[in-house]
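One structure below.
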Amino acid sequence: MLMKLRITHVNPYLSSRMDFELFNNYIPGVDDLDPADVRDCRTRLVAYFQTIDPDINTTVNATVGDCVVTPEAIVITALETATGDLLSDLNLSNIAQGIIKNCTFVANYLLTFSTDSSWYLKSSGIIRMVFSVDKNYVLDRSTQFTLNDTIFTIYLPEDGSFYIRPAGTDRVAGTNGITLIDDGSGGYFADVPVVGSASVEVLANDTAAMNFLPDNLVSAMALFDFDPGTQENTLPELAQRTPLTIYSPSSSSRKGIIRFTEISCPFVKSVSATIRGDKEMIRDVVNPYGMGAGYMDVFALSKMYAFTEEQVIRLNYVDADDTFTGRFYYTGQPYFILELMVGSVPVGRDGCTIYSQSSDIVKAYRAQAAYSPFEELTIVIPNTTQGGTSIYPVRTDTDGTKYIQLSINYLTDPMLPEVSNILLAGDDEPQNMNLMVKGFIPIIIESFVVQYIKEPGVIPDLVTAQEQILNYLSTCTAPDIFSSAEINTIVKQAGGRVVTNVAVAAHVQWSIADRFGDKESYVEALTEPVITTIEQLNVTYPETGYDITTLAAIGFRNRRYVVVEGAIKFEEQKFGHLATT
Amino acid sequence: MRDIKISFKGPDTYIDINAEVTDKNAYKQECLVNILTNRGSDPYYEERGTTLMKEALGGTLISATTAQFACNNATLDTLFFCREQDTDLWRSAPWRITELTMSLVSLTNSRMTTEIYAVYADETEDNTRQPLPIITNGL
């Protein structure tokens, strides 16, 4: 017999106060309460009451117990449940996992951090403008490019207009701009970074219309498929971004610069930073001041990291050493050369020597300049003759200068220079800190053979497994480290039973160049370490210190993996035949 | 131990807020409430109550023996449950019931009358037998 109290009088003051978000949206129904929670609350209430008056019978079946204590326990349990749900909705970690009790409250709550659904990632990309004349051009800040009925504006980290400078000239610090590059066929191009509305589809080679046409413009086209950005964020996605607005992004710490880069450069896929004391930080060890000067290296990988660029560069004939030599003015720092051709004559990587020099030896010297905007590359191709005639199609200028046109296909991250421009922009450039933005040092994987035993009766999907392994290796950068368990998982999901061995052949490419210096004075780039086992992919070299000749050092924070086409293969092992290599 | 008195008068049972029961009577009242509570009616305490009322109203008490058997079960269940709910303060109280008996007085088609008899921890007995009429056509 459970006595029920009937409320015949309602205090109007209380009833108006009860119109509160908590009651309306968080208080659960009586039937939704867990009986165990009510019992637990009742036990606590009884203990509490007994401190007031231990004589009163508050147990179940007692009049006071059933008419007062039990109803109070039900209400308090409901309040405790509501409070717990409210606290959960204040916990960004829970929201990020999709644990949300009241969407309206959470949306308003995230607004207090200036995080709302309109805080989306803009669409970003690069427009290649080709000019017929090599000279100065100025694009006003109001310059607009229209692609697919959407307006894109130039990404301008500095004040002032965007300056396109003649080929061969240097960038002027503190200004927006880029240098023209000779395309080898009478034109000069510049890659202009742009941003626009999210969720817009822009494909490679889409033509851009401009509100103002500069002189001598031949074409303006999208260089690659633009990153569409994200239009609407779900509450969990907003919650994941909210800590970015809380933690002060700055250049004063490793995490600070990473946060700052992620916020300022939404097209970045991964970013890592090395500071004084890190194994990979050499610049802070060897500097002309002889003391720590607040050096920080930022390694970045954009979403366009596997972009293939094709350029034609001119190499003039040098009679003194019978070579064709020329400066390689690249659009974005190359990290792997795919093909070298002179006309229809393949050169091959062994057929040329690339020299690397630093444009600022105080800031970054030798290997420290590799994959950074400070690396200047020079290509030297020895003249090979056959029957007294060069095998290469040699051209002659009107002034009698002999030259060849080298077609170079290479992999690059075209957005990396923009990361450098943004982080070193005038208002954001850190004071009293020597900051440099570089690409990760690539470990070139020439062979990656997965030996496995397949699941009986299953045809493994090796094509998908190959794609997944390629994607995993290509994007494995700090804070992640390479794990063979991931390869196991991929192969198992593809229908393999177990991976018995992975045979690896790889090497660290300290620079795209073979030598640091120039033809007259140089040092050879390191050829070690040579990687022959899967465990060695997590290479740290040298184990202690750095190479004093080239200033090379690699570790967890500055390495990435580049897989040569066709390197990933699978070998099925019959059960009982375990590979020994 | 103190509690508000319940006057058991069949369908006219009511809570008398002007009267209280103490110690032995309070404990006996607690037991009576449990006997008359239907097992399963309390969503928070599954073991609370007895099946006596359901059996009486359901017409399964077809003989005096069956009715007495049901009363015995009810008192046993009640004693176990009530003693389980005792707080630490009361476990050594002299008014705590150690033995509870429910005797059938009379059984008809529409009415069952019983008497409750209790023995307390101080070994005194409840000499004032508590008549407990159960009207099977709607208590």
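Quick note: the coordinates plus some simple rules give every number you see, no bench work behind them. Computed from a predicted model, the values in this text were never measured in an experiment. Note that we place each Cβ from the backbone using ideal geometry, even for glycine, and neighbour counts take in every protein chain shown.
How large, in Å, is the stretch A:408-534 by the Kirkwood hydrodynamic radius built from its alpha-carbon pairs?
Across the stretch A:408-534, the inverse of the average 1/r is 18.2 Å.
Please identify which residues in the stretch A:304-323 have an amide N closer than 18 Å to a label point set 7 Å out from the Cα of residue A:402, following the Cα→Cβ vector.
Residues A:314-323 fall inside that zone.
Stokes-Einstein D for the stretch A:41-147 at 10 °C, 1.306 mPa s, Kirkwood Rh over Cα pairs, in µm²/s?
Reported coefficient: 78 µm²/s.
Taking R0 as 60 Å, what's the FRET efficiency between residue B:22 and residue A:255 from their Cβ-Cβ distance, rounded to 0.05?
E between residue B:22 and residue A:255, to the nearest 0.05, is 0.30.
With a 10 Å radius around each residue's Cβ, average the other Cβ atoms per peptide and rank A:530-537, A:457-464, highest first.
A:530-537, A:457-464
Where Rh denotes the Kirkwood radius from the mean inverse Cα pair distance, what is Rg over Rh for chain B?
0.95
Quick check: the distance between the Cα centres of the stretch A:184-222 and the stretch A:339-394, to the nearest angstrom?
First find each Cα centre; the distance between them is then 29 Å.
Quote the charge dipole size of the stretch A:39-173 about the Cα centre in Debye, to the nearest 20; the model charges only the Cβ of Lys and Arg (+1) and of Asp and Glu (-1).
Computed charge dipole of the stretch A:39-173: roughly 720 debye.
Counting GluC sites (Glu not before Pro) as exposed when in a DSSP loop with at most 15 other beta carbons within 10 Å, what is the longest stretch of chain B free of them?
Formally, the longest exposed-site-free interval is B:48-122.
How many Cβ atoms of partner chains, on average, are near each residue of B:40-49 if near means within 10 Å of its Cβ?
Partner-chain Cβ atoms within 10 Å, mean over residues of B:40-49: 5.
Relative contact order for the stretch A:126-177 using alpha-carbon pairs under 8 Å, separation at least 6, rounded to a whole percent?
It rounds to 34 percent for the stretch A:126-177.
For labels at residue B:9 and residue A:521 in the simple 7 Å Cα→Cβ model, what's the distance in nm?
Going from the residue B:9 label point to the residue A:521 one covers 11.8 nm.
By how many nm would the segment from residue B:62 to residue B:46 lengthen if fully extended, with 0.36 nm per residue of separation less the alpha-carbon distance?
Net length gain for the segment: 3.0 nm.
Enter the mean number of other protein chain beta carbons within 10 Å of the beta carbon of each residue in A:49-59, as an integer.
The per-residue average across the peptide is 5.
Counting only other residues whose beta carbon sits under 11 Å from that of residue B:73, what net charge do I get with K and R as +1, D and E as -1?
Within the 11 Å Cβ shell, the charges total -1.
Taking the Cα centre of chain A as origin, sum charge times position over the Cβ atoms of Lys and Arg (+1) and Asp and Glu (-1), and report the length of that vector in debye to the nearest 20.
560
In the neighborhood of residue A:88, defined by Cβ-to-Cβ distances under 14 Å, what is the net charge if each Lys or Arg adds +1 and each Asp or Glu adds -1?
Residues near residue A:88 contribute -2 overall.
Quick one: compute a quarter of the convex hull surface over the Cα atoms of the stretch A:500-576 and quote it in nm².
7.1
Tell me the Kirkwood hydrodynamic radius of the stretch A:310-458 in angstroms, computed as one over the mean inverse distance between distinct C-alpha pairs.
About 18.2 Å, per the Kirkwood formula over Cα pairs.
Would you calculate, for chain B, the mean residue ellipticity at 222 nm contributed by helices, counting each DSSP H stretch of 4 or more residues as -39,500 (n - 2.57) and dividing by all residues, to the nearest 500?
The helix-only estimate for chain B comes to -10000 deg cm²/dmol at 222 nm.
What is the sum of charges, Lys and Arg at +1 and Asp and Glu at -1, for the other residues whose Cβ falls under 12 Å from the Cβ of residue A:542?
Combined, the nearby Lys, Arg, Asp and Glu give -3.
Starting from the Cα-Cα distance between residue A:360 and residue A:492, subtract it from 0.36 nm times their residue separation and give me the gain in nm to one decimal.
The span from residue A:360 to residue A:492 would gain 42.6 nm if fully extended.
For residue A:24 and residue A:485, what is the calculated FRET efficiency with R₀ set at 41 Å and r taken between the beta-carbons, to the nearest 0.05?
Once rounded, the FRET efficiency stands at 0.25.
Rounded to the nearest 5, what % of DSSP beta bridges with both residues in the stretch A:423-581 are antiparallel?
Antiparallel: roughly 65 percent of the beta bridges in the stretch A:423-581.
Under the rule of at least 5 residues apart or a separate chain, name every residue whose amide H is placed under 5 Å from the amide H of residue A:476.
A:561
Quick one: compute the contact order of chain A, relative version, from alpha carbon pairs under 8 angstrom and 6+ residues apart, as a percent.
12
Given a Förster distance of 41 angstrom, what is the FRET efficiency for residue A:149 paired with residue A:90, based on the Cβ-Cβ distance and rounded to 0.05?
Efficiency, rounded to the nearest 0.05: 0.45.
Quick one: compute the contact order of chain B, relative version, from alpha carbon pairs under 8 angstrom and 6+ residues apart, as a percent.
19 percent.
Where does chain A land at 222 nm, in deg cm²/dmol rounded to the nearest 500, when only DSSP H runs of n ≥ 4 count, each adding -39500 (n - 2.57), divided by all residues?
That calculation yields -6000 deg cm²/dmol at 222 nm.
If amide H atoms are built 1.01 Å from N in the plane of the peptide, which residues on other chains or at least 5 residues away come under 5 Å of the amide H of residue A:183?
Correct list: A:188, A:189.
Going 7 Å from the Cα of residue A:327 toward and past its Cβ, which residues in the stretch A:360-401 have a backbone nitrogen under 12 Å from where you end up?
A:376-379
Jot down the radius of gyration and Dmax of the stretch A:299-383, Cα atoms only, both in angstrom.
14.1, 44
Antiparallel as a % of all DSSP beta bridges within chain A, to the nearest 5?
Given both bridge residues lie in chain A, the antiparallel proportion sits at roughly 80 percent.
Evaluate Rg over Rh across chain A, taking Cα atoms for both radii and Kirkwood's formula for Rh.
Checking Rg against Rh, the ratio lands at 1.12.
Using a 7 Å offset from Cα along Cα-Cβ at residue A:142, what residues in the stretch A:188-222 end up with backbone N under 18 Å from the label point?
A:210-215
What per residue convex hull volume, in Å³, comes out for the stretch B:28-74 when only alpha-carbon positions are used?
68
Could you work out how far helix A:35-52 tilts from the main Cα principal axis of chain A, as a 0 to 90 degree angle to the nearest 10?
For helix A:35-52, the angle is close to 60 degrees.
Once Lys and Arg get +1 and Asp and Glu get -1 on their Cβ, which of A:556, A:64, A:512 lies farthest toward the positive end of the dipole of the protein assembly as shown?
A:64
When DSSP beta bridges are limited to those with both residues in the stretch A:253-382, what percentage is antiparallel, rounded to the nearest 5?
100
Using the basic label-point model (7 angstrom from Cα toward the beta carbon), what is the residue A:47 to residue A:167 distance in nanometres?
8.4
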